[in-house]
Amino acid sequence: MKFTVAALIFSLLFGAAHAQERQSINKEIQALKRQVISLNRDLYILEEDLLFPTNTQVAVYVSMDIGKYFELDAIELTIDDDNVTHYLYTQKQIAALEKGGVQRLYLGNVSQGEHQITAILRGTGPNKREYKLGATQTFKKDKKSLSVELKIGDSVAKEQPTFELIRR
Amino acid sequence: MWRIRLTRPKTLLPRYFRTVLPIVLLSCVLTCAAADDKPNDNTISDLDYGVALFHYYQGDHQTALTEFAIIEHKGDIQHQGLSPQLVKGGMSLSYGLYDQANEIFDRVLKAQPAEKVKADAWFGSGKLQYLEGNWREAQTAFERVSDVLSDSHHDDFYYFQAQLALKEQDIERYKQFKSQISDDQPLHSYLSHNYLLQKIANDDLSSSELSQEFSRIDAQSIALADRSYLAMGYDFIEQSEQHAAITAFKQITLDSYLFEPALLGYGWALNNLAQYGQAKSLFGQLASRVDANYYVQEAILADAYASELLGDFETSLAILQLGITKFKQHQNSLEVMEQRLSVGSACYRAIILQQVAVNCDEKHQAFIDLALIEMLSDSQFSTKREQLQQVNDLSQQFKQQLEKLHTYQQMLTEKQRTAQTRLSDIKLSDLKGQVDNLSAKRDLLASRIDEAKRSKRSVFFLPQPLLARHDKITQASTKLENLKSKGQNVEVAEQRLDLIKRMFGWESDYNFTVNVHQTQHFLTQLDQHLSELKMMYQQLSQHVNEVANIDRELSAIDDLSRRITSQMSQSNNITERIEQAFSQQLTAYFKQRQHELNRSIVVAKLAIIRMQDASFSQGEQLPVTDLGSQ
């Protein structure tokens, strides 16, 4: 009986110590995670300064407003006749865009002056037909970083998808 | 009639399921629920905030939080539709940063937000407390959630409330909350399972529970249903409800990893119904397995027991003798397995940490017995494994960050070296003096041009050939003046020179506009060259500044490297501690299994002796075995 009580007390104490240790490790892991985020942030900022300085930086974003008439499959992006990216989308990414997420499709460098950005979108349009949308726009790059949004939307009146390139 | 004392199957498993299973399931359900915690509003006006959401919606919480940190570093979020802080709280919660999430929810609530934001924040706070196991605090927070809670949280909110009601054994409230959850939610399965476990714990399980339908739509729900039936089966055996137990065991899928305990339980139920023949057949099936895991071990003893009950002592004896050999073989296998699974070995990484390890071939995995699988899925063990995986992931990231920094460092050092070589012969101050001097001369020239233009001094704008002619005329005029002063007659020459002068003057006046324009053109060209020169100078000085900046950037890289190295050492320290705990747990496991096998050997030997004694006293003769040699 004495042994059973002692064993019980031991197991309770050991259990409590174990939980405490687990809790302490959890806290330390949380601290590590915070540090990873903080270091990732500082690294990103350093990277941006080194590789994409503001005076040459161009960023292209993709957003979707409703997207009822168009199921996006891929985007081909061209800057001044240079094909800079050809991106294929997963269902998860499409769902994230539909919920309001914005994708940073491209981050690169261009010289100051005028540049032509062309985007070609491929996917499924109304009546489940293969659909191709394209838009071209010329933007002037100055000392500030150039941000362009590729906005996919719906034209309810025409029952067709819409697509525009907007300077942000 | 004598009896062999066999280990009873009902003791270990139901207790195991009662304690461990709810925790395992709970952690699983909470993780699933955490992944679904997303805001609903989909109008984003701030692109960078949208990028953070893009990653968050895909379950990449770390990237989402990094994007968020970058936006916060650059300035405020230009977004109005949602409360970004609340979203950050949700991201932190999903990423396991409970302390950060707690701070954020507190801050949001203290800021007196709009009713909807407040409801979501209280929900987040309640969920956080629930995940931390603070049931009372969770309950308090959930009670403050108002009707305007976001739709996306609706099911989770009622799920947590139902779980809390279950913990308080308030079945009425549990049912109310459960009924609020959408019908197509897998959360129902978890709740039903936990409800069942609660009933088992309260000795309140009745055979009517067998009529309830368990969802079997995916692998997870099938495994959950199997666990529910297994738990019910063993509880029914305890309640001496053998038919109900058999019905429960029959529901377990054939390819389930719980099939072995189910078969053992089924056999026990038949045994208890005195259907020894059928029971023996099941035990025999299980006992014939190559390995001797806990259930096979139990089945061997039970098989011998059933044979004995059928009066077939010889078979019983043979089974026990074979069993002893098998138990000993398994003891040896366990010793090998223990060595294979020593911390840091290839198999340890492959099996325990579920990482790819080339040196651990598949046959080693066959060593793994069911009890070890159960231990690995035990909440304490799986928590450690999860922690270790997280720390490993973080360490990998630190390593990648260091590699990146190293690349940048090399790039910058090379850039600095090239720039320094190019700039070594150039003195920026001398160059600046020359550029300034040239600019001053240009300004003087421009003012003289203006002056000449205003005073219509056509000579000023003469092109080079005409200017030479003008000089010749001036020289001739001087010569004539000299000759005249010496008393010579230069009248004719004077007349001719005067004519030439007048003609030259007419020509100069006639071409004045053209010449002025030409001069202005030259000045413009000079301006262009000068501006190019200035630009080149600016670029050069910018380059010089950049070189100076490289030093700053290199020092920032050094600083970052130091921080990363310190975090790496911290993560190594945590890894060591977890692995030490792992090692202790594995040692304890192997010790326990050896102990169980020893016990089974003793039980088998005892049974053999008793059977031999009994047969001797009844005048029958059973083969005498030298148990000492076994």
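For this structure, a couple of remarks:
- Global size of the protein assembly as shown as Cα Rg and Dmax, reported in angstrom: 43.3, 179
- The mean count of C-beta atoms from other chains within 10 Å of the C-beta of residues in B:95-108, rounded to a whole number, is 2.
- Most mobile of A:Asn109, A:Asn40, A:Asn55 in a GNM of chain A (Cα contacts under 10 Å): A:Asn40
- Ligands, DNA and RNA aside, B:His543 has an accessible area near 60 Å² when probed at 1.4 Å.
- Using a probe of 1.4 Å, the accessible surface attributed to B:Val435 totals some 10 Å² when neighbouring protein chains are kept in position.
- Chain B: proportion of alpha-carbon pairs further apart than 40 angstrom, %: 58 percent
- The Cα center of the range B:133-147 and the Cα center of the range B:397-456 differ in position by 65 Å.
- Square roots of 5 times each gyration tensor eigenvalue, C-alpha, the range A:24-111, largest first, Å: 30, 23, 10
- Between 0 and 90°, nearest 10: helix B:154-167 axis offset from chain B longest Cα axis: 40 degrees
- Two-site FRET efficiency, A:Glu114 against B:Asp106, from Cβ-Cβ distance with R₀ of 56 Å, rounded to 0.05: 0.65
- Folded to 0 to 90 degrees: helix B:379-423 orientation relative to chain B principal axis, Cα: 20 degrees
- Radius of gyration and maximum dimension Dmax of the range B:570-617, Cα, Å: 20.6, 70
- Element breakdown for chain B at a 1.4 angstrom probe: carbon and sulfur atoms account for 50% of the accessible area.
- In a DSSP loop and with at most 13 other Cβ atoms within 10 Å, the trypsin sites (Lys or Arg not before Pro) in the range B:416-495 are B:Lys427, B:Lys456, B:Lys486.
- Extension gain, B:Gln592-B:Leu254: 0.36 nm per intervening residue step, less the Cα-Cα distance, totals 118.8 nm.
- The alpha-carbon of B:Lys110 sits under 16 angstrom from the alpha-carbons of these aspartates and glutamates, leaving out residues fewer than 8 places away in its chain: B:Asp120.
- Relative contact order [Cα under 8 Å, 6+ residues apart], chain B, whole percent: 12 percent
- Accessible surface, chain B, averaged per residue in Å² (probe 1.4 Å): 52 Å²
- Low-density loop cleavage sites - GluC sites (Glu not before Pro) in the range B:154-230, where at most 16 other Cβ are within 10 Å (DSSP): B:Glu168, B:Glu213
- The simple Förster model, with R0 at 45 Å and r as the Cβ-Cβ distance, assigns B:Asp558 and B:Lys116 a FRET efficiency of 0.45.
- Cα gyration tensor shape of chain A, rounded if a/c is under 1.5, else prolate or oblate by comparing a/b with b/c: oblate
- Calculated on C-alpha atoms, the gyration radius of the range B:160-242 divided by its Kirkwood radius gives an Rg/Rh of 0.97.
- Accessible surface ranking for B:Lys399, B:Lys74, 1.4 angstrom probe, highest first: B:Lys74, B:Lys399.
- Chains A and B together bury roughly 4900 Å² of accessible area, counting both sides, with a 1.4 Å probe on protein heavy atoms only.
- In sequence order, calculated HN-Hα J values of the range B:309-323 (Karplus, 6.51, -1.76, 1.60; Hz; x Gly/Pro): 5, 7, x, 8, 5, 5, 4, 4, 4, 4, 4, 5, 5, 4, x
- 3J(HN,Hα) couplings calculated from phi for the range A:67-77 with the Karplus curve 6.51 cos²θ - 1.76 cosθ + 1.60 (θ = phi - 60°) are, in sequence order, x, 6, 9, 8, 9, 6, 10, 8, 10, 10, 10 Hz; Gly and Pro show x.
- Within chain B, the longest run free of exposed loop sites, counting chymotrypsin sites (Phe, Trp or Tyr not before Pro) that sit outside DSSP helix and strand states (H, G, I, E, B) and have at most 16 other Cβ atoms within 10 Å, spans B:258-630.
- Summing charges over neighbours of B:Asn549, with a neighbour being any other residue whose Cβ is under 11 Å away from its Cβ, gives -2 when K and R count +1 and D and E count -1.
- Mean Cβ neighbour count within 10 Å, used as a protection proxy, ranking B:106-113, B:284-291 highest first: B:284-291, B:106-113
- Counting, for every residue in B:385-398, the Cβ atoms of other protein chains within 10 Å of its Cβ and taking the mean gives 3.
- Principal-axis tilt of helix B:512-617 within chain B, Cα atoms, nearest 10 degrees: 10 degrees
- Heavy-atom accessible area, 1.4 Å probe, ligands and nucleic acids excluded: residues of the range B:538-578 down by at least 30 Å² from chain alone: B:Glu553, B:Leu560, B:Arg563, B:Gln567, B:Ile574, B:Arg577
- Within the assembled protein chains, the solvent-accessible surface assigned to B:Val336 is about 60 Å², based on a 1.4 Å probe.
- Loop-resident sites, the range A:76-151, for trypsin sites (Lys or Arg not before Pro), counting at most 16 other Cβ within 10 Å (DSSP): A:Arg129, A:Lys143, A:Lys144
- Electrostatic dipole magnitude of the protein assembly as shown [Cβ: Lys, Arg +1; Asp, Glu -1; Cα centre; debye, to 20]: 2420 debye
- Förster radius 45 Å - calculated FRET efficiency between A:Thr56 and B:Asn572 (Cβ-Cβ, nearest 0.05): 0.70
- Using a simple spin-label model with pseudo-atoms 7 Å out from Cα toward Cβ, A:Ile66 and B:Ile500 lie 9.1 nm apart.
- Taking every DSSP beta bridge that has both ends in the protein assembly as shown, the antiparallel portion is near 85%.
- Shown are A:Asp142, B:Asp378, B:Asp393, B:Asp226, whose ranking by accessible area with a 1.4 Å probe and every protein chain present, most to least, is B:Asp393, A:Asp142, B:Asp378, B:Asp226.
- Dipole-positive endmost among A:Leu97, A:Leu165, A:Gln137 within the range A:26-168 (Cβ charges, Cα centre): A:Leu97
- Relative to one another, the C-alpha centroids of the range A:44-117 and the range B:559-593 are positioned 40 Å apart.
The values are calculated or read from the model by the stated rules, or taken from the named source; none is laboratory data. Predicted, not measured: the structure shown is a model, and the values here were computed from it. Cβ atoms come from the backbone with ideal geometry, glycine included; neighbour counts cover every protein chain shown. Heads up: the accessible areas ignore ligands, DNA and RNA and are worked out on the full protein's heavy atoms, side chains in. Shrake-Rupley method; radii C 1.70, N 1.55, O 1.52, S 1.80 Å.
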